[in-house]
Amino acid sequence: MALKRTGASALTVLLALGAGTLPAQALGDAGGDRAFITFQVENDLFANFANTDRHYTNGLQAAWLSRPRRDLPPWLADLSSPPFYSLLFPTGNFDRKSHRTGIAIGHAIFTPDNTATTAYLPDERPYAAWLHMTFSLQSVRSSSVTGEAWQDQWKLDLGVVGPSAQGEFVQNEWHKVIGANKANGWDNQIKDEVGVNLSFERAWRSSTLDAAPERGLQTDFIPYTIVSLGNVQTYAGIGGTFRLGFSLPDDFGPTRIYPGVGGSEWFEPKSAGCNCYIFAGFEGRAIARDIFLDGNTFRDSVSIGKNHFVHDLKLGTVFVLWNARVSFTHVFRSKEYKAQPKADQFGAVSVNFAL
């Protein structure tokens with residue numbers, strides 16, 4: 001009940017802030033004077049083209065991002081770009097700046113390889129589910145001269161891990177619909193625990209380069225860093241994305257759900273028609289805590305020895321048509337725990353709409 005009251009209070013505050021958004025903004029605002037809604041799904045089925053359920057097996061998220069905000073309190077606008085972080089990863093010269101706030105609700109499911117047995121499997125990944133709301137503060141600074149841009153994002157996750165996250169219900173009810181086998185080991189899942197996580201991410205987008213001017217191809221590079229603290233996930237990460245395509249949009253690429261690093265929910269086409277591109281990227285994370293492997297924080301639970309360094313490779317494609325952006329990402333993830341037999345793959349589909 002305390003979690004519900006906290007989430008409801010935070011939601012009320014952000015909705016109240018959203019009601020004060022000014023209807024008109026400067027033309028220099030990243031993403032224009034528009035709000036955005038995003039729907040995302042991640043599943044190992046998309047990558048393996050088979051009826052698989054293992055490890056990070058499914059993620060769902062729906063998100064709303066406000067129009068550019070001019071009514072934020074000065075202290076909140078200043079917080080969007082913390083000085084101590086700028087010492088390590090400085091923001092360059094810019095003449096345009098915008099701030100947005102956002103709300104999302106997400107759900108993630110994790111299972112072992114063997115979902116047929118009811119027995120506890122000490123050498124496999126534990127069953128776990130994570131239901132949460134995410135409150136975000138985003139700041140974008142850009143240069144009209146060089147085309148460079150910097151995006152800072154604060155994200156606060158509030159939710160619950162364990163049976164109350166309803167992983168068993170979601171997975172097995174969906175399996176009934178598609179005719180898949182029931183996952184029988186959910187009695188061995190991580191126990192209920194309120195989850196609180198705070199993360200900060202900074203991304204830089206380089207100026208656009210003409211890769212093949214005669215064919216209209218462009219390219220850019222988007223490196224990023226992230227720090228995450230909480231009882232759900234504590235880690236530091238660094239990554240980057242290369243994009244190649246026609247009329248590259250002025251954004252930071254497609255978003256992801258788990259662990260939710262890189263990309264932007266807003267997008268801004270450069271020209272009429274299709275702003276399309278392919279991309280490739282790498283991300284490495286040094287992990288101090290992962291509740292989905294380490295188990296509960298304050299009491300004994302199922303767990304397994306994790307790897308402290310995990311990396312992702314990603315390939316994908318994006319199509320921006322009028323007021324919609326559709327993306328598909330194929331993720332290759334290294335082994336996350338010591339007894340894991342092989343690395344994982346999964347697919348991510350994201351659809352964004354400008355309002």
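The values are calculated or read from the model by the stated rules, or taken from the named source; none is laboratory data. Everything numeric here is computed off the predicted structure, so don't read it as measured data. Counting neighbours? That spans all protein chains shown, and the Cβs are built from the backbone with ideal geometry, glycine included.
What to note about this one:
- Some residue of segment 162-169 being in contact with a Lys or Arg (Cβ under 8 Å, 6 or more places away or on another chain), at pLDDT 90 or above and surrounded by fewer than 19 Cβ atoms within 10 Å (Cβ to Cβ): yes
- Qualifying residues in segment 203-226 (those that are among the hydroxyl-bearing types (Ser, Thr, Tyr) and farther than 27 Å from Glu336 by Cβ) - the one surrounded by the fewest Cβ atoms within 10 Å (Cβ to Cβ): Ser207
- Scanning segment 173-185 for residues that are closer than 23 Å to Met133 by Cα and surrounded by 12 or more Cβ atoms within 10 Å (Cβ to Cβ) gives a single hit, Trp174.
- Every condition in (1) touching a residue at least 40 places away in the same chain (Cβ under 8 Å); (2) over 24 Å from Phe39 (Cβ atoms) holds for Pro254 except the one numbered (2).
- Test: residue in segment 269-292 that is in a helix (DSSP H, G or I) and either within 29 Å of Tyr120 (Cα to Cα) or among the basic types (Lys, Arg) (or both): yes
- Unmet requirement for Arg243, which otherwise passes all of (1) surrounded by fewer than 17 Cβ atoms within 10 Å (Cβ to Cβ); (2) basic (Lys, Arg); (3) part of a strand (DSSP E or B): (1)
- Residues of segment 293-322 satisfying the condition of being touching a Phe, Trp or Tyr at 6+ places or on another chain (Cβ under 9 Å), over 21 Å from Pro122 (Cβ atoms), of a type outside the set (Val, Ile, Thr) and in contact (Cβ under 8 Å) with a residue 40 or more places away in the chain: Asp312, Lys314, Gly316, Phe319
- Enumeration of residues in segment 142-195 that are charged (D, E, K, R), touching a helix residue (DSSP H, G or I) at 6+ places or on another chain (Cβ under 6 Å) and within 15 Å of Thr115 (Cα to Cα): Glu168, Lys182
- Screening the candidates Asp294, Asp300, Asp344 for the property of being farther than 21 Å from Ala63 by Cα, among the acidic types (Asp, Glu) and surrounded by fewer than 16 Cβ atoms within 10 Å (Cβ to Cβ) yields one hit, Asp300.
- Filtered by the rule that a residue be among the hydrophobic types (A, V, I, L, M, F, W, C) and either surrounded by 20 or more Cβ atoms within 10 Å (Cβ to Cβ) or in a strand (DSSP E or B) (or both), segment 131-153 gives Leu131, Met133, Phe135, Leu137, Val140, Ala149, Trp150.
- With respect to (1) of a type in the set (A, V, I, L, M); (2) in contact with a Gly (Cβ under 8 Å, 6 or more places away or on another chain); (3) at pLDDT 95 or above; (4) surrounded by 15 or more Cβ atoms within 10 Å (Cβ to Cβ), the lone exception for Ile287 is condition (2).
- Gly262 being at pLDDT below 90 and surrounded by fewer than 23 Cβ atoms within 10 Å (Cβ to Cβ): no
- So Leu229, is it aliphatic (A, V, I, L, M), surrounded by fewer than 20 Cβ atoms within 10 Å (Cβ to Cβ) and without any contact (Cβ under 8 Å) to a residue 60 or more places away in the chain: yes
- Residue that is surrounded by the fewest Cβ atoms within 10 Å (Cβ to Cβ) [pool: residues in segment 268-284 that are closer than 26 Å to Leu198 by Cβ and not small (Gly, Ala, Ser)]: Phe282
- Across segment 204-222, a minimum of one residue is classified as farther than 20 Å from Val331 by Cα, assigned to a loop (DSSP other than H, G, I, E, B) and in contact (Cβ under 8 Å) with a residue 60 or more places away in the chain.
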